[in-house]
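For reference, the structure is listed below as structure tokens.
The values are calculated or read from the model by the stated rules, or taken from the named source; none is laboratory data. Remember, it's a predicted structure, so these values are computed and weren't measured experimentally. Cβ placement follows ideal geometry from the backbone for every residue including glycine, while neighbour counts extend to all protein chains displayed. Surface areas here come from the heavy atoms of the whole protein model, side chains and all, with no ligands, DNA or RNA. Shrake-Rupley method; radii C 1.70, N 1.55, O 1.52, S 1.80 Å.
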Amino acid sequence: MTDRIADSALYRHLWGTDEARAVLGEEGRLRAWLEVIATLARVQAEAGLIPARAALLIRALQAALPEQARGYVYAGATVQDITDTSTALALRRIGGLVWRDLRRIEERLLELAVEHRDTVMAGRTHGQPGSPVTFGWKTASWADEIRRHLDRLRDGAPRWLVGQLGGGVGSLVFYGERGLAVRASFCAALGLADPGISWLTARDRGAEFAQLLALVCGTLARIGGEVYELQRPEIGELREAAPDGTVGSITMPHKRNPEASEHLDTLARLVRSSAAVMSEAVVQQHERDGRGWKAEWVAWPEACLLTTAALQTAVGLTAGLTVDAEAMKRNLARYGGYPLSERALALLTPRLGARRAQERLQQVLGEGRAASLTAEQALVRSDLFSPSEARELTAEPDPGCCPQMTDLIVARATAARAAEPAEWP
């Protein structure tokens, strides 16, 4: 049995992935510690700091250590040296999962952007219908935000993937004049960068990574929130996949609940809370401070687990997303042409000035809607536009430069994907 619902056999799939748990769970954590300890012993033996025989035995820590090796286990290092370095190794593995899944999501969003480049729909501001846009433009915006997270992940790797070896206060005094060389060899042997200076109380690296995870989950929640709203039956423009056997509602069988898109918002809230704790851990005193450091033990793995769950959910959501272009067209037509107002304002402004044009159009269109007129009828009745102008304005919804912006984002992302490795870092 477990005390945490996130570890429950029934609910764990909602709060993390098996891949992430293999890194962050008890077994993965111990494996990383052993890797760090064994690597340190090998480097120390090569530097003549401990007997070579002891190093060989320490590298077999899975078995009980004999007496001649026990005294040399992470000599000159502290528990924090071991855990900080093993956390860097875990960050490398978790970052790889984040990179992979972000690229999967980006790929699907770019496909949708191309497919629906010219699929016109209502743009909405403050929850109300505004000027027309295209669904491809909307998904290109999501893809572009995902691309920025990939850029941040790539740019952050050299800062985050560093080892830690400092000893008691970080001075490396235990190693004497060989301290810097031992640390450099230790980090290199683990595939990590040398930090240059000890970072026992400089906790910005983990905090920055956690903030990136919060940003990633925020983007996924933005996508999920849009799907959540647009699949409302009264809108019906999007629909998330419902796997066979999915229970829509226990008490109302007619319903199809937006499980995936809704859950993305939940996960984003939890990751933000963990990222906030990581930011708190930046404030530390002197050369070692257990208060903030120990808070990381809970907050950092939690942020990582929850983010992998969000990414897995988003991969499934975007892969199975159904787009109803006809519903988008119907909804736009249902507004009677009134979303043309921005185009009408652009045409009228040179004649009346921007402020006067806005006031007159707001009055005219408001009176037209109250009288159940179409936008074309309201404009003609106002004498602000000729019948031919009003007809042209309302004939076809104009998404402006949305298709062209979509093309720009698709081309830019395609070039970036071709130039970057499939794996991180």
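Okay, here's what the table says:
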item: Under 13 Å, Cβ to Cβ, from THR406 - net charge with Lys/Arg +1 and Asp/Glu -1; result: -2
item: Placed amide H near THR134: partners under 5 Å, 5+ positions off or other chain; result: MET121
item: Residue-count net charge about ARG21 - beta-carbon cut-off 11 Å; Lys, Arg +1, Asp, Glu -1; result: -3
item: For the stretch 381-387, 3J(HN,Hα) per residue [Karplus equation, 6.51 cos²θ - 1.76 cosθ + 1.60, θ = phi - 60°, Hz, x = Gly/Pro]; result: 5, 7, 6, 6, 9, 6, x
item: Cut-off under 5 Å, modelled amide H: who pairs with VAL162 long-range; result: ALA193
item: Surface per residue (accessible, 1.4 Å probe) for the stretch 300-424, Å²; result: 53
item: For PHE174, solvent-accessible area (1.4 Å; no DNA, RNA or ligand), Å²; result: 120
item: Karplus (6.51, -1.76, 1.60) ³J(HN,Hα), θ = phi - 60°, over the stretch 35-51, in Hz, Gly and Pro reported as x; result: 4, 5, 5, 5, 5, 4, 4, 4, 5, 5, 5, 5, 8, x, 8, 9, x
item: Helix 354-370 axis, angle to the chain major axis (alpha carbon atoms, nearest 10°); result: 70
item: Apportionment of accessible area to carbon and sulfur, the chain, percent (1.4 Å); result: 55
item: Which of TYR335, ALA242, VAL315, positive extreme of dipole for the stretch 219-356 (C-beta unit charges); result: TYR335
item: Hz values of 3J(HN,Hα) by residue in the stretch 4-10 - Karplus curve (6.51, -1.76, 1.60), Gly and Pro given as x; result: 10, 5, 5, 9, 5, 4, 7
item: Ranked order, LYS329, LYS138 - accessible area, probe 1.4 Å, largest first; result: LYS329, LYS138
item: The chain: angle of helix 259-280 to the longest principal axis, Cα-based, in degrees nearest 10; result: 50
item: Unit charges on C-beta of K, R, D, E only; dipole of the stretch 100-208, Debye; result: 160
item: Helical contribution to [θ] at 222 nm, DSSP H n ≥ 4, -39,500 (n - 2.57), averaged over the chain, rounded to 500; result: -21000 deg cm²/dmol
item: 18 Å Cα-Cα reach of LYS255 towards aspartates and glutamates, excluding residues that sit fewer than 8 places from it in its own chain; result: GLU229, GLU234, GLU237, GLU240, ASP244
item: Sum of side-chain charges, VAL282 neighbourhood, beta-carbon under 12 Å (Lys, Arg +1; Asp, Glu -1); result: -2
item: Alpha-carbon centroid distance for the pair the stretch 381-399 / the stretch 307-325, whole angstrom; result: 40
item: Stretch gain in nm, segment ARG148-GLU262, where the contour uses 0.36 nm per residue and the Cα spacing is subtracted; result: 38.7 nm
item: Choice from THR125, THR322, THR83 showing the highest fluctuation, given a GNM over the chain with Cα pairs closer than 10 Å; result: THR125
